[in-house]
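The values are calculated or read from the model by the stated rules, or taken from the named source; none is laboratory data. Just so you know, these numbers come straight off a predicted model, no measurement behind them. Note that we place each Cβ from the backbone using ideal geometry, even for glycine, and neighbour counts take in every protein chain shown. These accessible areas exclude ligands, DNA and RNA; they are computed on the full protein's heavy atoms, side chains included. Shrake-Rupley method; radii C 1.70, N 1.55, O 1.52, S 1.80 Å.
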Amino acid sequence: MFRHTAALIMAASLLLSACGAAEEKTSENSAPMNEPTTTTQEEQSHFNPAETEEPETGVTEPSMGETAATEKESEPTKQLSPEVNVGKTYHMNENYYIKPNDDKSPSKVVLLTFDDGPKEEEMISSLIDTLDKHNAKAIFFVNGYRVKSHPELLKLIHERDQIVGNHAWDHEDLKKMSNAEAAKQVTDVQKIVKDTIGEEPQFFRPPFGSGNDTLKATVKKNGMLYMTWSNGSLDWDKSTKNKPEKVIQNVLDQLNPGSNILMHELPWTVEALDELLTKLEKKGYSFVDPRAIELEAR
């Protein structure tokens, strides 16, 4: 009887040991349900360069949705172009030609200018696209009344790293005004440009190229270089309207080292510009950066 009972106990013990071993083996090879497993994408997220700062102690980390919203809110607004420091390697002579200060700078250069803007975003963007293609800078001489109507266009010129010039408030003959009226035409543009883009123009061109000594003194007092031009594209003339090839030929016919080229924001000038700059480059000319020009003629 004792032997029979002992045999039953031993058999039961062996059966229980087998069941326990089976359960242990199962738990080693199976993850509990609903427990996330680490994925390759999650492992890589720990090395995201954007996540280099650890959250402050005691601050609850935001959810994915909150993080996205915070990042969107903290996106930097578009900044104006930083001021670029360009050495003064050129000057303008009394005939409005641009000349090198020494033999280290090339003499076969032209100054590109556009008057009577800012008018239309499409034309301005197209002109600047072409300037960028040729690594060229230009002066955009603006009228104050146009800036007042479309300050965003002035910002566009500045943000795209082109140079803004003062072309008086109204496009009227300043010589026909009193000295006080003409001076106001100058200073009002200085103010609106400064208020719009944060800096004042350094170049002045009178409408029609019409000025006098008193006007020149006012311009100098406001820290600007007074200029007209030495090469007129005649793109404003009815003989050139809708004829980009005429714009190009007019410039080439008057071309000399240091040419100060007058153009306008006009559709046919926009169309002509790429070919014109290409032809100038083939003739060995480069485009002077206006910021490299001294603000005193000599």
Quiz item: Relative contact order for the stretch 109-201: what is it in percent, counting Cα pairs under 8 Å that are at least 6 residues apart?
Solution: 27
Quiz prompt | Relative contact order [Cα under 8 Å, 6+ residues apart], the stretch 157-298, whole percent | solution = 20
Exercise. Quick one: of 133/155; 108/133; 155/216; 148/238; 133/283, which pairs are farther than 22 Å apart, Cα to Cα?
Key: 155/216; 148/238
Quiz item: Under a plain spin-label model, where a point goes 7 Å from the Cα along Cα-to-Cβ, how far apart in nm are residue 253 and residue 149?
Solution: 3.1
Self-check item: Apportionment of accessible area to carbon and sulfur, the stretch 93-163, percent (1.4 Å)
Solution: 41
Quiz item: Taking the Cα-to-Cβ direction at residue 294 and at residue 191 and moving 7 Å from each Cα, how far apart do the two end points lie in nm?
Solution: 3.3
Practice problem: Give me the distance between the Cα centres of the stretch 152-181 and the stretch 202-221, rounded to whole Å. | Solution: 11
Exercise. Which order do the peptides 219-231, 86-98 take when ranked by the mean count of other beta-carbon atoms within 10 Å per residue, highest first?
Key: 219-231, 86-98
